[in-house]
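S.K.: Take this structure, written in structure tokens, and hold onto it; I'll ask about it next.
The values are calculated or read from the model by the stated rules, or taken from the named source; none is laboratory data. These numbers come from a predicted model, not from an experiment. Here the Cβ is made from the backbone with ideal geometry for all residues, glycine too, and neighbour counts use every protein chain on show.
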Amino acid sequence: MRKITEAGDLKGKRVILRASLNVPVQDGVVRNNYRIMRALPTLRYLHEMGAKTIIIAHIGREKNETLKPVYEELEKYIPIHWGGVIGGQQFASRVELMGNGDFLLAENLRQDDREKTNDFAFAKSIAFYGDVYVNDAFANVHRSHASMNALAKILPAYVGLNVSEEIAQLQKVMKPEHPALLMLGGAKFETKMPLIEKYLHTYDKVFVGGALANDIFKAKGFEVGESMVSAEPITAATFLTDEKLLVPLDVIVEGPNGKRTTTPDDVRPTEKIFDAGPQTVEMLKKLIAGAKTVLWNGPFGNYEAGYTASTEATVTALADASAFSVVGGGDTVAAIEKLEVHNRLGFVSTGGGAMLEYLEYGSTPQLDLLK
């Protein structure tokens with residue numbers, strides 16, 4: 001990868017930095033600044049090199065969402081100004097006023113539909129303001145958007161320190177030290193099934209929890225009641241009988257008669273599986289304690305609905321273990337944030353879907369542009 005540290009003299013040059021600033025905001029205030037903290041090494045490097053850095057990013061899913069709260073958070077760490085919408089009069093004026101080492105944050109890219117359609121003309125309108133392009137948004141490297149793809153074809157393109165670190169750490173777990181344990185949770189079986197198939201050949205044990213496990217229970221002929229399952233059944237999957245594949249030993253369900261803990265083959269038609277049970281947690285604790293490498297993506301319960309017990313107990317066990325660990329996925333990282341154990345884990349990825357795609361393919365089209 002062409003790292004920004006290899007770009008030569010950047011003093012006075014305008015650098016377009018695609019950062020990952022899609023952070024949770026509540027009542028106009030950033031509630032979790034982990035991705036912002038991970039962006040700081042590249043930002044500080046560009047400041048020290050005397051570059052004039054224009055930061056571009058997106059936030060949220062709605063077009064009216066703004067990066068203003070992120071700007072206010074960044075003000076605590078770097079000399080930054082608000083640029084507003086790219087191409088506007090305010091933005092152009094601010095660019096002209098930039099001094100060496102300054103930063104300018106542009107408004108949410110996804111306020112313009114052309115960002116998500118990878119529109120080349122939109123990318124050119126951004127490139128107009130820069131001499132160099134840096135991609136430091138690992139959480140988006142699986143998305144072929146204008147700021148991630150087309151822009152890298154117009155300007156001299158480099159990878160930032162965050163993306164470089166993500167790749168280095170993920171490469172370690174792609175060739176793990178044994179015994180190795182892979183844990184997958186969350187939903188969207190179709191995106192994670194290839195990973196299960198691939199890493200059953202590489203890892204000693206692969207545990208599947210969360211809504212993903214419901215598909216396996218159903219394929220085995222168990223009643224899953226009203227639990228979340230994929231539209232397409234996985235009954236033909238060859239890994240269903242693999243001895244390395246593990247699923248929850250017990251589950252927490254809720255139905256008309258309330259909440260209870262039971263075995264996966266004892267779920268009633270009116271019940272819904274919400275989390276893995278205590279026996280499962282004990283199994284995972286033993287596996288983690290005996291592992292040298294642990295790779296984990298996705299929670300084991302409906303985390304946003306308050307079913308956090310199995311995920312948080314597993315986070316604690318991993319933090320207490322000696323294994324090298326790499327963890328990613330929104331709610332998994334939320335649990336790590338809540339328990340404040342970042343420093344006791346090997347590496348916490350800023351990407352969810354991006355992490356999965358890299359682990360499956362070893363690259364993405366966006367990363368290929370930076371080689």
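Table: residues versus (1) at pLDDT below 95; (2) in the same structural domain as residue 244 (by TED's automatic domain parsing); (3) closer than 18 Å to residue 34 by Cβ.
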| position | (1), (2), (3) |
| --- | --- |
| 307 | yes, yes, no |
| 319 | no, yes, yes |
| 326 | no, yes, yes |
| 370 | no, no, no |
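S.K.: Evaluate the following for residue 80: is it within 27 Å of the chain's Cα centre (by Cα) and not assigned by TED's automatic domain parsing to the domain that holds residue 67? Steps first, answer last, please.
M.R.: Numbers: within 27 Å of the chain's Cα centre (by Cα): yes; not assigned by TED's automatic domain parsing to the domain that holds residue 67: no.
Taking the combined requirement at face value, the residue does not satisfy it.
S.K.: Still on this structure: Any idea which residue in the range 284-322 is farthest from residue 202 (Cα to Cα), counting only those that are touching a residue at least 60 places away in the same chain (Cβ under 8 Å) and more than 21 Å from the chain's Cα centre (by Cα)?
M.R.: Here the answer is 284.
S.K.: Taking residue 34 as meeting all but one of (1) without any contact (Cβ under 8 Å) to a residue 60 or more places away in the chain; (2) surrounded by 15 or more Cβ atoms within 10 Å (Cβ to Cβ); (3) touching a His at 6+ places or on another chain (Cβ under 9 Å), write down the number of the exception.
M.R.: Evaluating residue 34 over (1) without any contact (Cβ under 8 Å) to a residue 60 or more places away in the chain; (2) surrounded by 15 or more Cβ atoms within 10 Å (Cβ to Cβ); (3) touching a His at 6+ places or on another chain (Cβ under 9 Å) leaves (1) as the failure.
S.K.: Further question on the same structure: Just to confirm my filter: which strands (runs of 3 or more DSSP E) fall fully inside the range 105-203 and include at least 2 residues that are in the same structural domain as residue 308 (by TED's automatic domain parsing), crowded, with 19+ Cβ neighbours inside 10 Å and at pLDDT 95 or above?
M.R.: Hits in the range 105-203: 180-184.
S.K.: Within the group 266, 250, which residue is at pLDDT 95 or above and buried (at least 16 other Cβ atoms within 10 Å of the Cβ)?
M.R.: Just a single option satisfies the conditions, and that option is 250.
S.K.: Is there a residue being surrounded by 17 or more Cβ atoms within 10 Å (Cβ to Cβ) and either in contact with a Pro (Cβ under 7 Å, 6 or more places away or on another chain) or β-branched (Val, Ile, Thr) (or both) anywhere in the range 347-354? Working first, answer last.
M.R.: Taking the range 347-354 as the starting set, the residues that turn out to be surrounded by 17 or more Cβ atoms within 10 Å (Cβ to Cβ) are 347-354.
From what is left, the residues that are either in contact with a Pro (Cβ under 7 Å, 6 or more places away or on another chain) or β-branched (Val, Ile, Thr) (or both) are 348, 350.
Yes, there is a match, as at least one residue in the range 347-354 is surrounded by 17 or more Cβ atoms within 10 Å (Cβ to Cβ) and either in contact with a Pro (Cβ under 7 Å, 6 or more places away or on another chain) or β-branched (Val, Ile, Thr) (or both).
S.K.: Any idea how many residues of the range 151-174 are under 28 Å from residue 117 (Cβ atoms) and without any contact (Cβ under 8 Å) to a residue 60 or more places away in the chain?
M.R.: Counting residues in the range 151-174 that are under 28 Å from residue 117 (Cβ atoms) and without any contact (Cβ under 8 Å) to a residue 60 or more places away in the chain gives 1.
S.K.: When you go through (1) under 18 Å from the mean Cα position of the chain (by Cα); (2) crowded, with 19+ Cβ neighbours inside 10 Å one by one for residue 337, which number turns out not to apply?
M.R.: Here residue 337 meets the rest and fails (2).
S.K.: Could you go through the range 63-71 and let me know if any residue there is polar (S, T, N, Q) and modelled with pLDDT under 95.
M.R.: Yes, the range 63-71 contains a residue that is polar (S, T, N, Q) and modelled with pLDDT under 95.
S.K.: Please verify whether the range 63-80 includes one or more residues that are touching a strand residue (DSSP E or B) at 6+ places or on another chain (Cβ under 6 Å), surrounded by 15 or more Cβ atoms within 10 Å (Cβ to Cβ) and closer than 19 Å to residue 3 by Cβ.
M.R.: The answer is no, given that none of the residues of the range 63-80 is touching a strand residue (DSSP E or B) at 6+ places or on another chain (Cβ under 6 Å), surrounded by 15 or more Cβ atoms within 10 Å (Cβ to Cβ) and closer than 19 Å to residue 3 by Cβ.
S.K.: Continuing with the same structure: Of all the residues that make up the range 303-327, how many are surrounded by 23 or more Cβ atoms within 10 Å (Cβ to Cβ) and closer than 18 Å to residue 247 by Cβ?
M.R.: 3
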